[in-house]
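To start, the structure itself, in structure tokens.
The values are calculated or read from the model by the stated rules, or taken from the named source; none is laboratory data. The structure presented is a predicted model; accordingly, all values stated were derived computationally and were not measured. Note that each Cβ is placed from the backbone with ideal geometry, even for glycine, and that neighbours are counted across all protein chains shown.
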Amino acid sequence: MRYIKFEKIAQIVESLCVSAGYELPDDVLAALKEAQRKETNPGAAKILNQLIENARIAKEDKIPLCQDTGLAVVFVEQGSVVAVKPPELDTICLMPDTRGSGDENRASRIEHRETLFDAINAGVAAGCEKGFLRKSVVADPLNKRENTGSNTPAIIHHSIVPGDKLKITIIAKGGGCENKSQFRMFKPTAEREEIIDWIVDVVRTAGADACPPFVVGVGIGGDFEISCLLSKKALCRNLAARNEDGFYAELEADLLSAINALGLGPQGLGGDTTALACLVETAPCHIASLPVAVNIECHSHRHKSAVL
Ligand code: SF4
């Protein structure tokens with residue numbers, strides 16, 4: 001068994017959060033530059049140029065790419081022979097209390113936590129603090145909606161894979177674009193064109209509110225929850241990478257063409273560039289089902305990975 005220190009994991013997550021907030025990934029920047037080069041609408045080309053300039057300033061001045069610095073969505077692939085070495089006994093992890101506020105809860109703010117998920121949340125909280133990133137999480141979704149003050153808990157998707165490595169991918173997901181994501185259960189007899197039409201309509205409905213040009217994640221198959229998870233996981237892919245299955249690679253290309261034919265354009269002000277990429281992920285499903293989910297991601301597509 002290989003052990004990775006709790007503190008090491010927290011440090012890596014912290015640095016991923018900060019760099020995600022400040023630095024647009026190379027694949028997204030390349031896609032924006034390529035779109036700017038091809039854009040035939042002068043106004044749209046100008047907006048794309050401003051997005052590229054915004055990315056340059058954010059990186060150089062170490063300031064967030066957007067005021068919504070996102071909810072930390074973390075995909076963790078844990079090798080089957082890797083484990084977390086708990087923190088040294090003299091190390092105390094300071095975690096803000098998410099269960100309430102006031103002096104009566106002060107004691108619960110200092111806790112000794114030691115799981116992989118705790119290390120990730122400690123890193124997210126530290127990154128948020130160090131990078132002056134907006135704290136965008138409320139503890140209770142409907143009743144009190146009090147801010148947890150730490151941007152935690154993160155949304156963590158964990159899987160066990162062969163090997164002795166720990167891969168951590170963080171997406172800083174904006175609320176405006178996430179709000180426009182949708183799910184639909186199709187009949188298993190649905191035609192390819194029917195599914196394309198629905199996905200394009202989801203993008204049309206997202207409109208300017210979700211800050212185009214988009215990256216569109218599509219999950220097809222699995223069941224209700226797996227299709228949604230796949231649509232988010234698709235956003236972890238390099239934008240230039242096509243689906244390895246030729247059928248779905250062609251579907252990605254056709255979807256991107258249909259989405260860009262909408263003419264929504266950057267910031268919804270018209271143009272050829274409504275989306276930078278459309279990424280499809282699939283899973284086996286029930287013979288009676290054909291679940292499809294669309295996750296809308298804005299131009300500020302902040303995804304970062306590290307392998308320990
Ligand atoms: S949708 Fe994206 S670009 Fe728009 S405000 Fe939210 S994080 Fe920022």
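Residues in the range 282-305 that are touching a Leu at 6+ places or on another chain (Cβ under 9 Å), more than 30 Å from Tyr3 (Cα to Cα) and within 16 Å of the ligand (Cβ to nearest atom): Asn295, Glu297, His299, Ser300, His301.
Can you spot a residue in the range 57-76 that is within 16 Å of Ser305 (Cβ to Cβ), in contact with a Lys or Arg (Cβ under 9 Å, 6 or more places away or on another chain), away from the ligand (no atom under 16 Å from the Cβ) and assigned by TED's automatic domain parsing to the domain that holds Thr152? Looking through the range 57-76, at least one residue is within 16 Å of Ser305 (Cβ to Cβ), in contact with a Lys or Arg (Cβ under 9 Å, 6 or more places away or on another chain), away from the ligand (no atom under 16 Å from the Cβ) and assigned by TED's automatic domain parsing to the domain that holds Thr152. Checking Leu269, Leu279, Leu264, Leu308 one by one, the residue that is closer than 30 Å to Val124 by Cα and either within 16 Å of the ligand (Cβ to nearest atom) or under 18 Å from the mean Cα position of the chain (by Cα) (or both) is Leu279 and no other. Filtering the range 133-147 to residues that are touching a residue at least 24 places away in the same chain (Cβ under 8 Å) and farther than 22 Å from Glu7 by Cβ leaves Arg134, Ser136, Val137, Ala139, Glu146.
Does Thr205 qualify as being in a helix (DSSP H, G or I), under 25 Å from Ser300 (Cβ atoms), of a type in the set (Val, Ile, Thr) and modelled with pLDDT of 95 or more? If you could, list the steps in order and put the result at the bottom.
On the way: in a helix (DSSP H, G or I): yes; under 25 Å from Ser300 (Cβ atoms): yes; of a type in the set (Val, Ile, Thr): yes; modelled with pLDDT of 95 or more: yes.
Here the answer is yes, as Thr205 does meet what is asked.
Among the residues of the range 262-293, those identified as closer than 14 Å to Cys228 by Cα and buried (at least 18 other Cβ atoms within 10 Å of the Cβ) are Leu279, Val280, Glu281, Thr282, Leu290, Pro291, Val292, Ala293.
Could you go through the range 179-201 and let me know if any residue there is within 21 Å of Ala72 (Cα to Cα) and either out of contact with any Ser or Thr (no Cβ under 9 Å at 6 or more places or on another chain) or surrounded by 23 or more Cβ atoms within 10 Å (Cβ to Cβ) (or both). Show your work before the answer.
Quick first cut of the range 179-201, residues within 21 Å of Ala72 (Cα to Cα) only: 179-182.
In the following step, the residues that additionally are either out of contact with any Ser or Thr (no Cβ under 9 Å at 6 or more places or on another chain) or surrounded by 23 or more Cβ atoms within 10 Å (Cβ to Cβ) (or both) were identified as 179.
Checking the range 179-201: at least one residue is within 21 Å of Ala72 (Cα to Cα) and either out of contact with any Ser or Thr (no Cβ under 9 Å at 6 or more places or on another chain) or surrounded by 23 or more Cβ atoms within 10 Å (Cβ to Cβ) (or both).
When the range 208-230 is examined, which residues are found to be touching a residue at least 60 places away in the same chain (Cβ under 8 Å) and within 16 Å of the ligand (Cβ to nearest atom)? Walk me through it before giving the result.
Here is the first cut: in the range 208-230, the residues touching a residue at least 60 places away in the same chain (Cβ under 8 Å) are 208, 210-224, 226-230.
Within the range 208-230, Ala208, Ala210, Cys211, Pro212, Pro213, Phe214, Val215, Val216, Gly217 qualify.
Scanning the range 172-207 for residues that are within 11 Å of the ligand (Cβ to nearest atom) and in contact with a Phe, Trp or Tyr (Cβ under 8 Å, 6 or more places away or on another chain) returns Cys177, Ala206. Looking at the range 175-193, is at least one residue under 13 Å from the mean Cα position of the chain (by Cα) and within 18 Å of Leu239 (Cα to Cα)? Taking every residue of the range 175-193 in turn, at least one turns out to be under 13 Å from the mean Cα position of the chain (by Cα) and within 18 Å of Leu239 (Cα to Cα). Among all residues of the range 164-171, there is at least one that is closer than 30 Å to Phe247 by Cβ and either more than 15 Å from the ligand (Cβ to nearest atom) or at pLDDT below 95 (or both). Going through (1) at pLDDT 95 or above; (2) farther than 18 Å from Pro266 by Cβ; (3) β-branched (Val, Ile, Thr) one by one, Ile57 falls short only on (2). Pairs are defined by a Cβ separation below 8 Å, a sequence spacing of at least 6 or placement on different chains, a first member in the range 189-203 that is within 14 Å of Asp254 (Cα to Cα), and a second member that is part of a helix (DSSP H, G or I) and of a type outside the set (A, V, I, L, M); the pairs so defined are Ile196/Asp254.
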